[in-house]
Every structure is written in C-alpha cells, then in structure tokens.
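Before any comments, here is the structure.
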Amino acid sequence: MSLTSFKVFLCRNDVKIFIMCAITGGILQLVAKKYIKNHPEFLEDSPLTKKPSRRRRYFSPRGGALIEISGISVKIAARIIVNFIAKKGFQTGIAIGSGILIRKIPVTAVSKYVSNSF
C-alpha cells in the first residue's frame, strides 16, 4: 500500500468521523478515570456511597421533597455515567462513530442491496 493511497483513505469524510469519535471516547475515558481517582465517592463499591437502607418517600406532604428526590437522582445518574465512561469510553466512541456512519447510508441503497441479493 503506497503512502498516497493511505493519505486518500485518511482524507475520506467517514474515516475522519470514525477516528474523531474513537479519539473523543478515549479522551473522555482518561478524564473520567482521573476524575474517579480524585473523587473516590464516585467509585461503585466505595464505602462513602453506601447508604443505610431506608424507605424512600416519593410523595411527601412537605414541598421540598420532590426537589430532594430529583437532586438525588441527578447524583446517581452522574455517578453511573462517569463510571461507565471510565470503563468503556473508547468502545462507546467507536460505537457512536459507527452509528453515525451507518446513519449516513441511504435507505434506497440498503433496499437495492437486499433486492439484488434475492
């Protein structure tokens, strides 16, 4: 494979999208790992995140209970997302890049391919 054909391959728009998504996922994975290292409360099995079991109140006569519940859910969602990105950020970037590229394939091309195969 000559260097010119490799340059042409890298200049294709779909290859650029795939590479940029993979690089972005890898960078996010490194940042999330560094963040978890500096904030141990985001670890899944951290003793700081284990709370005593208590019955949750979703409906309360007090007015601030819904705000309290929504704040807790945002913290839980952030913890789940940061842990997921720290474990599988690069693979997620590759999957997103593949999804973007698959989305760019026109539907008529897929139906033409299927009709030709039969």
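The values are calculated or read from the model by the stated rules, or taken from the named source; none is laboratory data. If you're wondering where the values come from, they're calculated on a predicted model, not measured in any experiment. Heads up, the Cβs are rebuilt from the backbone with ideal geometry, glycines too, and the neighbour counts pull from every protein chain shown.
Residues that are at pLDDT 75 or above, closer than 17 Å to Gly26 by Cβ and in contact with a Ser or Thr (Cβ under 8 Å, 6 or more places away or on another chain): does the range 96-118 have at least one?
no
Residues are listed down the side, and each one gets a yes or a no for (1) within 24 Å of Ile100 (Cβ to Cβ); (2) modelled with pLDDT of 75 or more; (3) surrounded by 11 or more Cβ atoms within 10 Å (Cβ to Cβ):
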site	(1), (2), (3)
Phe9	yes, yes, no
Arg12	yes, yes, no
Leu28	yes, yes, yes
Ala32	yes, yes, yes
Pro40	no, yes, yes
Pro47	no, no, no
Ile67	no, no, no
